[in-house]
Amino acid sequence: MPMRLADLVGRAMIDPEFLERLRAAPETVLASYELTAEERTVVTTALTRLGQAATPQQIDELKIDLLRRVAT
């Protein structure tokens, strides 16, 4: 079964190392997931907004943004 956005978000919520890999090399990580163009854009836009020097609060906000996308 292909991994979807919910799988990506779930893992990002509980695995800090995965989230760091996602931030460092989003295209590489996203290649393992079956995402629509819109979902891919949502994830990459959220990561771009986060930037490279993110605070713990900003990382929490990223997780919330991604979680909202899955919930809708």
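The values are calculated or read from the model by the stated rules, or taken from the named source; none is laboratory data. These numbers were taken from a predicted model, which means no experiment stands behind them. No Cβ is skipped: glycine too gets one built from the backbone with ideal geometry, and neighbour counts run over all protein chains shown.
With the requirement that a residue be surrounded by 16 or more Cβ atoms within 10 Å (Cβ to Cβ) and of a type in the set (Asp, Glu), what does the stretch 60-72 give you?
Asp65
What number of residues in the stretch 1-52 are hydrophobic (A, V, I, L, M, F, W, C), without any contact (Cβ under 8 Å) to a residue 24 or more places away in the chain and within 13 Å of Val70 (Cβ to Cβ)?
The total comes to 1.
Looking at the stretch 45-59, which of its residues are closer than 21 Å to Arg4 by Cα and either surrounded by fewer than 15 Cβ atoms within 10 Å (Cβ to Cβ) or in contact with a Ser or Thr (Cβ under 6 Å, 6 or more places away or on another chain) (or both)?
Scanning the stretch 45-59 gives Thr45, Thr48.
When you go through (1) touching a helix residue (DSSP H, G or I) at 6+ places or on another chain (Cβ under 7 Å); (2) within 20 Å of Met1 (Cα to Cα) one by one for Thr28, which number turns out not to apply?
Only one criterion in (1) touching a helix residue (DSSP H, G or I) at 6+ places or on another chain (Cβ under 7 Å); (2) within 20 Å of Met1 (Cα to Cα) is unmet by Thr28, namely (1).
Ser32 fails exactly one of the following numbered conditions: (1) part of a helix (DSSP H, G or I); (2) at pLDDT 90 or above; (3) more than 11 Å from the chain's Cα centre (by Cα). What is the number of that condition?
Looking at each condition in turn, Ser32 falls short on (1).
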